[in-house]
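**Q** Pasting in a structure now, in structure tokens, and then I'll have a few things to ask.
Every number in this text was worked out from the coordinates using simple rules, so none of it is lab data. Please read these numbers as outputs of a predicted model, since none were measured by experiment. Positions of Cβ are generated from backbone atoms using ideal geometry, with glycine treated the same way; all protein chains shown enter the neighbour counts.
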Amino acid sequence: MPASGKMAAPPSQGIEQGVLLKLFTFAVLMAIVPISTYFVTVQHLWNGNTAYAALSAVLAANIVLGGYVYLAFAEDAASKAEVQEKKAQ
């Protein structure tokens, strides 16, 4: 594939700050929520049953991931609607 001679835009251009904040927030949530869910449920909900606590942590991780995917699709739909609105004017 021949080189086009164009360079990619620097990270400060083209990437909205809100997108990076959302990514950072969900990355932190993916680190904290499943681990804390495991330890809280193993002691207080499942009375030492580590298998059920692990399943609870997996469910919590999937909920966080699902929330990120939902917000990403909602943001994409909103930006597409905004582009359509600008084209209509």
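**Q** At a temperature of 4 °C and a viscosity of 1.567 mPa s, determine how fast region 18-88 diffuses translationally according to Stokes-Einstein, using the Kirkwood radius over alpha-carbon pairs as Rh; express D in µm²/s, rounded to the nearest whole number. Kindly include the intermediate steps, with their values, before the conclusion.
**A** Numbers: Rh = 14.0 Å.
D, rounded to a whole number, is 93 µm²/s.
**Q** Can I ask one more? Can you pull out the chymotrypsin sites (Phe, Trp or Tyr not before Pro) in region 24-63 whose DSSP state is coil and whose Cβ has at most 13 other Cβ atoms within 10 Å? Please report the intermediate quantities before stating the final value.
**A** Values: sites: Phe24, Phe26, Tyr38, Phe39, Trp46, Tyr52; in loops: Trp46.
Counting only loop positions with at most 13 other Cβ atoms within 10 Å, none of the chymotrypsin sites (Phe, Trp or Tyr not before Pro) in region 24-63 qualifies.
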